[in-house]
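For reference, the structure discussed in these notes is given below.
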Amino acid sequence: MHSEALALYIHWPFCVSKCPYCDFNSHVREQVDQARWRDALLADLAHEAAVGPKRPLTSIFFGGGTPSLMPPATVAALLEAAERQWGFASGIEITLEANPSSVEAARFADLAAAGVNRVSLGLQALDDRALHFLGRAHDVAEGLAALDIAQSVFERVTFDLIYARPGQSIEAWEAELARALGFGTGHLSLYQLTIEPGTRFATLAAKGQLPPVDPDHAADLFELTRSRTQAAGLPAYETSNHARPGEESRHNLTYWRYGDYLGIGPGAHGRRHGCATVRHRKPENWLSGIDTTSHGIAEQEQLAPMVQAREALVMGLRLKEGVRWDRIAPALNGESVERLSRHGLIERSADRLRVRSAGVLLLDAILAEIAA
């Protein structure tokens, strides 16, 4: 059952270089007290085990700044503690996020030996000029070398690409996507470039130096992406994620299906038994919390049923399978649901609501329309 899923997210906040997408640029560190951080993460984990659900973990995800530079011994210690506290479900997915650099790739074998069985690589582009524009430190050759090593040591590999970049033609994206599909990974995350507040791109856009992509062109690129991945045997199972059947991200599916997930480490969010948790964002504040209370929680709130229904709606409609009706019924405007159903944009079955193909590009507008 989807509701049986239990995920653990472990956030490692430190980066080794600045990144236009990273929320933790102030946390660039050359040196980290590894023993202190290992012990603090173990304490945070023990707290979640004491107060959270008591069923086996179905997935673990190491994310954040540069988690692939976390010592393999720390990874192993966290996995050992997690298995001792909750137990592991059969076929547990243990993912680590990594930048595709030669420094990080050199550690892949040790991380696999520590228990990681899936890696998510931030390739982001297969064009050196695009990587420079995106502010990435690696070039295509270094990224593909890291991908090759990852595929040799991990059971499962996924990587992401960003498209709808300024000036990117349909033909250029089609060629880049075909090359990406040719590497044979079972999962791809393919995102359209978005302008997030507070990033270098937002500054450039405000100055008129980064013109927005024409919506019709972006729609054409999106449709091309879905068509090519479907033909290659990696259909879209979520708005931006594509996988061979059985290789969908079990961890992210827990989020999208609004299952329980536990978050530890600075800035980590969690949802357990309808309670939202947020850890201290700044590493120093998080460590102080560990020292004084044995956990890093800054805020926790029992969410009202309506809030839970709205969150389940927003997350679940991203999935091709849709979302269970009983999870979202309180958050719906029934009249709007019926109207959009008649227009062929959404579909209600006996127990689910999902967005039809004609509505995928209108998801934000659909959510705004049907929310009570």
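Against the criterion of being among the charged types (D, E, K, R), within 24 Å of Arg38 (Cβ to Cβ) and surrounded by fewer than 17 Cβ atoms within 10 Å (Cβ to Cβ), Glu301 does not qualify. Out of curiosity, is Val307 surrounded by 16 or more Cβ atoms within 10 Å (Cβ to Cβ), assigned to a helix (DSSP H, G or I) and in contact with a helix residue (DSSP H, G or I) (Cβ under 9 Å, 6 or more places away or on another chain)? In short, no. Under the condition of being in contact (Cβ under 8 Å) with a residue 12 or more places away in the chain and assigned to a helix (DSSP H, G or I), the residues counted in the stretch 340-366 number 8. Close Cβ contacts (under 7 Å, 6 or more residues apart or on different chains) running from residues in the stretch 200-227 that are within 17 Å of Tyr163 (Cα to Cα) to residues that are surrounded by 13 or more Cβ atoms within 10 Å (Cβ to Cβ) and among the charged types (D, E, K, R) comprise Leu224/Glu174.
Scanning the stretch 116-133 for residues being part of a helix (DSSP H, G or I) and in contact with a Lys or Arg (Cβ under 8 Å, 6 or more places away or on another chain) gives a total of 2. Could you tell me whether Ser120 is out of contact with any strand residue (DSSP E or B) (no Cβ under 9 Å at 6 or more places or on another chain) and modelled with pLDDT of 95 or more? Against the criterion (out of contact with any strand residue (DSSP E or B) (no Cβ under 9 Å at 6 or more places or on another chain) and modelled with pLDDT of 95 or more), Ser120 does not qualify. Of everything listed in (1) among the hydroxyl-bearing types (Ser, Thr, Tyr); (2) farther than 28 Å from Phe61 by Cα; (3) touching a Pro at 6+ places or on another chain (Cβ under 7 Å), the single unmet condition for Ser169 is (3).
Residues in the stretch 150-186 that are assigned to a strand (DSSP E or B) and under 15 Å from Arg226 (Cβ atoms): 2 in all. Highlighted here are the helices (runs of 4 or more DSSP H) found entirely within the stretch 1-115 that include at least 3 residues which are modelled with pLDDT under 95: 102-105.
How many residues are touching a strand residue (DSSP E or B) at 6+ places or on another chain (Cβ under 7 Å) and loosely packed, with under 14 Cβ neighbours inside 10 Å when one looks only at the stretch 351-372? Qualifying residue count for the region: 1. The condition (being surrounded by fewer than 19 Cβ atoms within 10 Å (Cβ to Cβ), assigned by TED's automatic domain parsing to the domain that holds Ala98 and within 18 Å of Gln124 (Cα to Cα)) is satisfied by just one residue among Ala175, Ala202: Ala175.
The values are calculated or read from the model by the stated rules, or taken from the named source; none is laboratory data. Quick caveat: nothing in here was measured; it's all calculated off a predicted structure. Neighbour counts run over all protein chains shown; Cβ positions are idealised from the backbone, glycine included.
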